[in-house]
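Written out below as C-alpha cells is the structure these notes cover.
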Amino acid sequence: MAGWQAPSKGLRTPSYDRSSLTEGIVHIGVGGFHRAHEAVYTDDVFSTTDEKNWAICGVGLLPHDQRMKEALESQDYLYTLVEKSAGKNEARVVGSITSFLLALENPEKVLAKLSSSEIRIVSLTITEGGYCLNQSTGEFDGANADVQVDLANPHTPRTVFGYVTEALRRRRDAGTPAFTLLSCDNIQHNGDVARKMFLSFAELCNPGLAEWISQNVAFPNCMVDRITPATTDADREMVRTEFGIDDAWPVVCEPFRQWVVEDNFCNGRPSWERVGAQMTHNVHPYEAMKIRLLNGSHSAMAYLGYLAGFTYIHEVMADMEFQTYIQRLMDEEVTPILMPVPGVDLEQYKATLIERFANPNIGDQVARICMDGSNKLPKFIFPTAEEQLARAGQTHFLALAVASWCRFLNGTDEKGYEISLDDPRAETLRGAAIAGGHKADKLFAMEEVFGSLGTSKEFINQVNKALQSLYDMGARKTLRRYLASVS
Ligand code: CS2
C-alpha cells in the first residue's frame, strides 16, 4: 500500500469501514469513466447511508485490463479522484471498488462471481461499439468472430455476451435470482439495446434460457455524464506533488456529474438517489439531450479541431469561431429535434455545456474524442441528421461535422503528417476515404457504419461539398465560410 499511508492536505478518504462491505455489483469495463461516475455515487452511498452490501468487484475481459487490475490491486483498490475546475483541483480517495478479477487469468472465478447470489447488479461500460449492434439492421451482429466462438463453446466464454449468459444460466439452474444488467454506455436507449443484444445472443445458444432472461433480468436505461479525460503522467505527478499520494492510476474529471436512471431493477439497488442520481421512469428525453448535444458537439469540434491543429478541447472552445460553430450546431440543428426534458431549461443546459467544454484546467484530449468514430458517430450525430432531414430541417453544420471525420479518416493532416486512427475499422475506413478521393461516397457505402443515412443523396451532397472545401482550403477557412454562408 505504498503511498497510501499518510495522504496529506486533509483530503476526503472513505469515512466508512471498508472491511465491513460486501460486494453486490460486478462492473465490467473498469476505466476512468466508471471510476469517476458509478463508483463515486456508490462511494457516496457508503459514506451517507448504512447500506454496506453494494461494493463493486471490477471485472476485465480484455488483455489491456491487466494494467488496471495491477494498479488497483497494488493500492487495495483505492484510488484518487481529482475534480478539476477552472480554479482548482479537489481530490478525494474512493473506496467502493473492493476487488478486481481478470477473465484471462481466471475465467472460472469470474463466472463464479457473476453467478453468486450476493451479486445483484452487473453494470457495463464496454464502449459504444461493445454491443455488437449492426447499424444498418438494428439487430445483433452474430457474425462477430469472438461471438461465434462463444456460441460454439457457451460454457467457456470469452465475450461479455458469453460471460453474462453463462452466469445467468448457472443462476437459473441453481435457483438464484437474476441480476440487473445496467448499461452505462453512451447509447440512446442503452438498456433496451443491451436487452435486445443479450437476448439475441442467448436466443442463438439457448432459446429456453433466453426466455428466462427476458422474464427475469431487468435492463434499465440510463443517461450518464461526466467528462473524464485519459489519465496522463502529468496527472500522476500532480497527484503526488499536490496531494502527497503516489497513485498508480488516479482519475481526473470535471466537477459536474449527472446520472438519470430508469428505476427498473429486478434484485435491489443502492440508494443512488440519496447521493444525487435521479431515478425516473422515462430516461429517453435526458439521453437524447445529452448524447445529441454533448457527445455530438464533442465529435463535431474534435475532428474539425484536430484538422485545425488543436490538441485540447478547451483550446477549441477558446476559439470564438469554433465556439460559434458549436453553439449554432446545437441551436439550429440539434435543439429542433429534442423533446422537452422535464425540469431542464435547454438554453441553460447548452450554456453549461459550453462552459464545461471550455474548462481550461481539465486538459481533455481532442485525440480521446476522435477515437472510435465509427462506433460513436452512428449514435451521436447520424440520428440527428436523419431526423433533421426527415423534417426538412437544416443539416449544414452536421454535414460539416461528418465531412471533418471523413477528411480525418484519410489519415494525413493539413501539414502532411500522419494521423493515427484509433478505430476498430481503421483500415477499412482509411481505405474507403482514400479511394473516394475528395468524395465521401465510398465511406457512405459502408452500411454497417452509416446505416440508412448512407442512402440520403441530399446529405451525401452536403457532406461532399464540405469535404471538397476542407481539401481545397483547409479546416479554418471552411469553418469561416460555413459560419458566413449559413444564415
Ligand atoms: C466523449 C465522451 O468519448 C467521447 O466522444 O464525448 O466520453 C464524453 O466525455 C462523456 O460522455 C461525458 O459524459
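The values are calculated or read from the model by the stated rules, or taken from the named source; none is laboratory data. Please read all numbers here as calculations on a predicted model, not as lab measurements. Neighbour counts run over all protein chains shown; Cβ positions are idealised from the backbone, glycine included.
Regarding Ser47, is this residue farther than 25 Å from Asn89 by Cβ, at pLDDT 95 or above and part of a helix (DSSP H, G or I)? No; evaluated as a whole, the condition is false for this residue.
Within the set Ala367, Ala318, Ala392, the sole residue that is among the small types (Gly, Ala, Ser) and farther than 23 Å from Gly474 by Cα turns out to be Ala392.
Is it fair to say Leu209 is among the aliphatic types (A, V, I, L, M) and surrounded by fewer than 21 Cβ atoms within 10 Å (Cβ to Cβ)? Yes; evaluated as a whole, the condition is true for this residue. Checked against the criterion of being assigned by TED's automatic domain parsing to the domain that holds Glu254, surrounded by fewer than 17 Cβ atoms within 10 Å (Cβ to Cβ) and under 26 Å from the mean Cα position of the chain (by Cα), the candidates Asp173, Asp233, Asp225 yield just one match: Asp233.
All conditions in (1) free of Cβ contacts under 8 Å to residues at least 40 places away in the same chain; (2) more than 23 Å from the chain's Cα centre (by Cα) hold for Leu421, with the sole exception of (2). Applying the criterion of at least 1 residues that are near the ligand (Cβ under 10 Å from one of its atoms) to the helices (runs of 4 or more DSSP H) found wholly in segment 294-391 leaves 296-307, 313-318, 346-358, 366-370, 373-380.
Taking residues in segment 63-92 that are within 14 Å of Arg236 (Cα to Cα), and partners anywhere that are hydroxyl-bearing (Ser, Thr, Tyr), the pairs with Cβ atoms closer than 6 Å and at least 6 places apart or on different chains are Ala91/Thr80.
If I filter segment 18-39 for residues that are part of a helix (DSSP H, G or I), over 20 Å from the mean Cα position of the chain (by Cα) and surrounded by 14 or more Cβ atoms within 10 Å (Cβ to Cβ), do I get at least one hit? Before the answer, list the steps.
Step one: list which residues in segment 18-39 are part of a helix (DSSP H, G or I), which gives 18-20, 32-36, 38-39.
So of that shortlist, the ones also over 20 Å from the mean Cα position of the chain (by Cα) come out as 18-20.
Right, trim to surrounded by 14 or more Cβ atoms within 10 Å (Cβ to Cβ) and you get 18.
Checked against the condition, which is being part of a helix (DSSP H, G or I), over 20 Å from the mean Cα position of the chain (by Cα) and surrounded by 14 or more Cβ atoms within 10 Å (Cβ to Cβ), segment 18-39 yields at least one hit.
Looking for whichever is more than 17 Å from Tyr163 (Cβ to Cβ) and in a loop (DSSP other than H, G, I, E, B) here; the options are Ala86, Ala71. Which one fits? Give the steps one after another, and end with the answer.
Numbers: Ala71 fails: in a loop (DSSP other than H, G, I, E, B).
Unique residue meeting the criteria: Ala86.
So that you can scan it fast, the table gives a plain yes or no per residue for (1) free of Cβ contacts under 8 Å to residues at least 60 places away in the same chain; (2) more than 20 Å from the chain's Cα centre (by Cα):
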| site | (1), (2) |
| --- | --- |
| Val344 | yes, yes |
| Glu347 | yes, yes |
| Phe382 | no, no |
| Ala385 | no, yes |
| Leu389 | no, yes |
| Gly393 | no, yes |
| Leu398 | no, yes |
| Asn410 | yes, yes |
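Does Ala288 fit the bill of being at negative phi, within 16 Å of the ligand (Cβ to nearest atom) and aliphatic (A, V, I, L, M)?
Working: at negative phi: yes; within 16 Å of the ligand (Cβ to nearest atom): yes; aliphatic (A, V, I, L, M): yes.
Considered against the rule, which asks whether it is at negative phi, within 16 Å of the ligand (Cβ to nearest atom) and aliphatic (A, V, I, L, M), Ala288 comes out as yes.
Does any residue of segment 242-250 turn out to be in the same structural domain as Asp192 (by TED's automatic domain parsing), within 17 Å of Lys84 (Cβ to Cβ) and in contact with a His (Cβ under 6 Å, 6 or more places away or on another chain)? There is no residue in segment 242-250 that is in the same structural domain as Asp192 (by TED's automatic domain parsing), within 17 Å of Lys84 (Cβ to Cβ) and in contact with a His (Cβ under 6 Å, 6 or more places away or on another chain).
For segment 98-121, the criterion of being small (Gly, Ala, Ser), within 23 Å of the chain's Cα centre (by Cα) and part of a helix (DSSP H, G or I) is met by no residue.
Can you name every residue in segment 139-180 that is among the basic types (Lys, Arg) and either part of a helix (DSSP H, G or I) or within 16 Å of the ligand (Cβ to nearest atom) (or both)? Explain how you work it out, then say what you get.
Filtering segment 139-180 for residues among the basic types (Lys, Arg) gives 158, 169-172.
The answer is Arg169, Arg170, Arg171, Arg172.
Please work out if Glu23 is under 22 Å from Glu242 (Cβ atoms), touching a residue at least 40 places away in the same chain (Cβ under 8 Å) and of a type in the set (Asp, Glu). For Glu23, the condition - under 22 Å from Glu242 (Cβ atoms), touching a residue at least 40 places away in the same chain (Cβ under 8 Å) and of a type in the set (Asp, Glu) - is not met. Restricting the search to helices (runs of 4 or more DSSP H) fully inside segment 181-284 and requiring at least 1 residues that are closer than 23 Å to Gly129 by Cβ and away from the ligand (no atom under 16 Å from the Cβ) gives 190-205, 207-216.
If the requirement is being within 22 Å of Met473 (Cβ to Cβ), assigned by TED's automatic domain parsing to the domain that holds Gln323 and at pLDDT 95 or above, which of these qualifies: Glu414, Glu387, Glu427? Give the derivation first.
Working: Glu387 fails: within 22 Å of Met473 (Cβ to Cβ); Glu427 fails: within 22 Å of Met473 (Cβ to Cβ).
On inspection, the qualifying residue turns out to be Glu414.
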